[in-house]
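Here the structure is laid out as structure tokens; the discussion comes afterwards.
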Amino acid sequence: MHNHDHISEKPNKYIVIVILALSLMGLIYAFSKPAGKDVVDGIVKEVLSEKEIILEIGGNNKIVKEQELLVEITVEKEKKEIRVVNDFIPVVAGDKIFVSESLFGDNEFSIVDISRTKELILLSIFFVVLVFLTSGWKGFYSLIGLLFSFAVIFAYIVPQILKGVEPVSVGLVGAATILISTLYLSYGLNRKSIAAFLGIIFSLFFVGILANFVVDATQLNGLSEVSMYLDMETSSSINFVGLLIAGIIIAAVGVLDDVAAIQSSVVFNLVSVDHRLRGFKLFRKAMQVGRDHISAVVNTLILAYTGAALPLIILLYLRRMPMNYFVSLGTVAEEIIRALISSSGLLLAVPLTTIIATIMVGKNHQLVMGVSKLSEGVEHKL
């Protein structure tokens, strides 16, 4: 029994290749459309001049360096040189930047940002190498799962929502698809991965129902500055409330994946150490680990959301708003709801996955005992 479980933890290499191929094809398909013409990339050929100027920002004077740049850009496959005034971030010759043409159509360009592609690629390579060195092939499989997750998001979830399909149903289908592949790549096809998958799916339905109830009760409309731009950019009618709930569901997947998989693993590892552990005793032992994991992950989750919203928190704190008004602001309330609902799903996923894994261990034990007695009877007759 235990040898079979151990072998099945390793995913089939041919299935891994298929998942990798689907991931790459999905990402290529998602990003194969021509880029928009609002922003073009360019290379700084020369810094023509630079001087210090004083800008008034928020009532305070700030000294910034203003540069006049000679920049080479490519427009409709034709290279040309333009002059750009830069009071954004000082650059040097050879730097890659992004420029945008003036809205007034006078052929003037301004810098909108610098290119960070090279640094991000180097950081990604460092991350991949670190994952492989610390986790071996298991870490490599998890990276393929990450690629597949991005492929599902950009090739399925985003296009379907833009077409006007209900975001919640799209989010649930996309989340389930991501889970099937990532759990298989990490743990293979066995009772441990099946228990984790069932625990996550049931928890996600709970997250979806709770999110729908809370968003309705707090009368959030899902509208933000980004949502308004999105509404202007697309001709489809997007359900922004549904989009908010779908975002909560997808955000919860990563955390639930972690805790459910570990909790399922704890159950089966406990049984491998002590074959007599079954039922409530096994559940209680596994939950001792689960409680420690819950306390650590909940804290991590809340801090992650707080860290992401830290500039907004500082800004609102400086304005000395009343606390009840502060937490009622749409942007703040959304982050609070997102964090608390994801944490609630996590709290449910741990005991739920433990129960499912415990039941699956018991069922398998009865089957093994039955086969063992049958074989003993055959041997006795022979």
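Rule-based calculations on the coordinates, nothing more; no lab input. All values derive from a computational prediction rather than experimental measurement. FYI the Cβ positions are ideal-geometry reconstructions off the backbone, even for glycines, and counts take in every protein chain you see.
A Förster radius of 41 Å combined with the Cβ-Cβ distance from R319 to H275 puts the calculated FRET efficiency at roughly 0.10. Each of T331 and T300 was given a label point 7 Å from its Cα along the Cα-to-Cβ line. The distance between the two points is 2.8 nm. Computed about its Cα centre, the charge dipole of segment 253-295 is approximately 360 debye, with only Lys, Arg, Asp and Glu carrying charge at their Cβ.
Between amide H atoms placed 1.01 Å from N, distances below 5 Å from D95 occur with V44, all of them 5 or more places distant or on a separate chain. For segment 155-164, putting each phi into the Karplus relation 6.51 cos²θ - 1.76 cosθ + 1.60 with θ = phi - 60° gives couplings of 9, 10, 4, 4, x, 5, 5, 5, 6, x Hz, in residue order, rounded to whole numbers and with x for Gly and Pro. With an a/c value of 1.5 or above and a/b not larger than b/c for the gyration tensor axes a ≥ b ≥ c computed over the alpha-carbon atoms, segment 71-172 is described as oblate. Residues whose amide H falls under 5 Å from that of E66, counting only those 5 or more places apart or on a different chain, are K51, E52, I53, with hydrogens built in the peptide plane.
Considering only Cα-Cα distances, which of the following residue pairs are longer than 29 Å: K118/K138; K13/K285; K13/K96; K79/K163? Please list the in-between numbers first.
Working: K118/K138 27 Å; K13/K285 35 Å; K13/K96 40 Å; K79/K163 36 Å.
As for pairs spanning more than 29 Å Cα to Cα, those are K13/K285; K13/K96; K79/K163.
A full extension of the chain between D87 and F150 corresponds to an added length of 19.2 nm, given 0.36 nm per residue minus the alpha carbon distance. A protection proxy built from the mean count of other Cβ atoms within 10 Å ranks the segments 194-204, 150-160, most packed first, as 194-204, 150-160.
Can you tell me the FRET efficiency between L133 and M25 if r is taken as the Cβ-Cβ distance and R0 is 22 Å, rounded to the nearest 0.05?
Values: r = 29 Å, r/R0 = 1.30.
FRET efficiency, L133 to M25: 0.15.
Once you sort the root eigenvalues of the Cα gyration tensor of segment 114-157 as a ≥ b ≥ c, which label holds: rounded (a/c under 1.5), prolate (a/b larger than b/c) or oblate (the other case)?
Details: a/c = 4.89, a/b = 1.03, b/c = 4.73.
It is oblate, given that a/c is not under 1.5 and a/b is not larger than b/c.
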